[in-house]
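The structure appears below as structure tokens.
The values are calculated or read from the model by the stated rules, or taken from the named source; none is laboratory data. For clarity, every value in this text was computed on a predicted model and none was experimentally measured. Positions of Cβ are generated from backbone atoms using ideal geometry, with glycine treated the same way; all protein chains shown enter the neighbour counts.
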């Protein structure tokens, strides 16, 4: 549901039945895909206004200003919307070079490989910083 | 629900309540994000087996072998899974250089711009081929 006061550009976004939309964060310089999280209208508006990525934490049920604990803020260089209006793309500068809570640059650190004839998810990216040192 | 015969690598994937997972297709060479679609276990298994992107069409409620009508097949170079196991990343070679049904390279062709003090979604990427010529 969209209130009358909703800006036109937000009314064009196709939020799902829960009022959410998936948002991809991509490194603006390297093109690396860092993470995917969810946004509601409020987090999208704040992201656009402040230039800092704000998501909606489904587990904590509150706004999640990326980096609020870790310091790993995402400065937003560009916001894009796909053809169906139901996915957001943020091109960001990842402060600290770490997007993932595991201490890796990207959350997509597992690759499907074939080992002895079987498919397995293999961790292929290094931990750059111990999570215990990130969230202390 | 996962059948007993489900391969271990698919059992590790966190499909949602509808048995689906979002999948990002990214150009393996340029890093451009091409599109986001949905997969079920069957489409993910076929993608891994054939090396060609297969999605689940939520509107048509059937497997969607990307390019089956348009010819714009995606050859899959790499499959990745994120830390929560609930988003798939495909690194692909986009045959024909067009992923979007609008005839554009990428579905993310709208950028949030400020015009006369207001935020607006601006189309910033060109149509490479008339959709009427793609889906004839």
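Looking for something at pLDDT 95 or above and at positive phi - is there at least one such residue anywhere in segment B:97-114? Checked segment B:97-114: at least one residue is at pLDDT 95 or above and at positive phi. Just wondering, is there one or more residues in segment A:65-82 that are closer than 14 Å to residue A:23 by Cα, without any contact (Cβ under 8 Å) to a residue 12 or more places away in the chain, within 14 Å of chain B (Cβ to nearest Cβ) and part of a loop (DSSP other than H, G, I, E, B)? Yes, there is a match, as at least one residue in segment A:65-82 is closer than 14 Å to residue A:23 by Cα, without any contact (Cβ under 8 Å) to a residue 12 or more places away in the chain, within 14 Å of chain B (Cβ to nearest Cβ) and part of a loop (DSSP other than H, G, I, E, B). Out of the residues in segment B:11-22 that are surrounded by 17 or more Cβ atoms within 10 Å (Cβ to Cβ) and touching a helix residue (DSSP H, G or I) at 6+ places or on another chain (Cβ under 8 Å), which is nearest to residue B:63 (Cα to Cα)? The extreme case among them is B:21. The residues in segment A:91-136 that are assigned to a strand (DSSP E or B) and either surrounded by fewer than 20 Cβ atoms within 10 Å (Cβ to Cβ) or facing another protein chain (nearest Cβ under 10 Å) (or both) can be counted, and the count is 14.
So that you can scan it fast, the table gives a plain yes or no per residue for (1) assigned to a strand (DSSP E or B); (2) away from chain B (no Cβ under 11 Å):
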{"residue": "A:9", "(1), (2)": "no, no"}
{"residue": "A:15", "(1), (2)": "no, yes"}
{"residue": "A:22", "(1), (2)": "yes, no"}
{"residue": "A:26", "(1), (2)": "yes, no"}
{"residue": "A:30", "(1), (2)": "no, no"}
{"residue": "A:34", "(1), (2)": "yes, no"}
{"residue": "A:37", "(1), (2)": "yes, no"}
{"residue": "A:42", "(1), (2)": "no, yes"}
{"residue": "A:46", "(1), (2)": "no, yes"}
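The set of residues in segment A:48-64 that are surrounded by 14 or more Cβ atoms within 10 Å (Cβ to Cβ) and at the interface with another protein chain (Cβ under 10 Å from one of its Cβ atoms) contains only A:48.
Residues in segment A:51-64 that are within 12 Å of the chain's Cα centre (by Cα) and either under 28 Å from residue B:100 (Cβ atoms) or without any contact (Cβ under 8 Å) to a residue 24 or more places away in the chain (or both): 5 in all.
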